[in-house]
Structure formats: C-alpha cells, structure tokens
C-alpha cells in the first residue's frame, strides 16, 4: 500500500540520531515530504536511513534521460551563442526592452538568447542551464 498522510513510517531523525517511527505530515504526489518524530515530537523533512539506500519510497535520482536533455539544451545554447557571437549583448534588467534573438547577459544565469516573447512583459530565454521565463519591460508604459 502506498504511503499516506497520517500513516506511520520509519524515517531517520537527525535529533534522535537513529531510525525511529514517524507520522507522515505532508506528501507531494507519491513522495513523503515531511514527518513528525514520535520520539522527540519534532517535525522535519523525511529522510531515508543512511543504511537504506534502496527504499521503494525514495525518489529516483535523475537518470540518463535527464542528463541527455540537459546536454541537448547546453549544446543548443552553444550553437545559438556561436550564431550571435558578434552581436552586442544587453545586460538584463527588469524594465529592459528585449526582442526575439537578442543576446542577454543575466547576473545569475549568465549569457543567453531571447527565444520567444510570451507576452508584453514576459520572455523565454535560453541559458546554458536551460530555458527560463523572465520579466521584461513593456513598450506600452
């Protein structure tokens, strides 16, 4: 039977420093997110036992498919950046005016290319780490 809120489960408690019985407090889809320790009465994130790495409740790590998608995005980004290598890059600001194809430099995500104008105040930008939706200025102010 799949885990459910208010059911008991064994989880590692960092306060008790051992695996003890917990009550499930919150779930996200089919994953246990938060539990309440029945020994020390503290609520914390669900943790698997350091000894139990193959639990069926454990969220699977990103597999080959996820890595392949990231590699494809990074390759697409490199191709696009090479295409606009001589174009001057605009520094990203919330009120900046950008068009499709503009080269953008973001303080956190680095250089990117505006791929699509979603609405008058939103745009989709391709960065090395993937696509991001960013706020942009509107010419109708």
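What the table shows:
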read-out: Of all residues in segment 15-31 being in a loop (DSSP other than H, G, I, E, B) and surrounded by 12 or more Cβ atoms within 10 Å (Cβ to Cβ), the one that is farthest from the chain's Cα centre (by Cα); value: 16
read-out: Some residue of segment 45-64 being modelled with pLDDT of 85 or more and either outside the structural domain of residue 106 (by TED's automatic domain parsing) or within 23 Å of the chain's Cα centre (by Cα) (or both); value: yes
read-out: Number of the exception - residue 34 against (1) modelled with pLDDT of 85 or more; (2) more than 22 Å from the chain's Cα centre (by Cα); (3) surrounded by 13 or more Cβ atoms within 10 Å (Cβ to Cβ); value: (2)
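Here is a yes/no grid of residues against (1) exposed (fewer than 13 other Cβ atoms within 10 Å of the Cβ); (2) at pLDDT 90 or above; (3) outside the structural domain of residue 28 (by TED's automatic domain parsing); (4) under 18 Å from the mean Cα position of the chain (by Cα):
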| residue | (1), (2), (3), (4) |
| --- | --- |
| 68 | yes, no, yes, yes |
| 104 | no, yes, yes, no |
| 115 | no, yes, yes, no |
| 127 | no, yes, yes, yes |
| 140 | yes, no, yes, no |
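The values are calculated or read from the model by the stated rules, or taken from the named source; none is laboratory data. Since this is a predicted model, take the numbers as computed values, not measurements. Here Cβ is always computed from backbone atoms with ideal geometry, including for glycine, and neighbour counts include all displayed protein chains.
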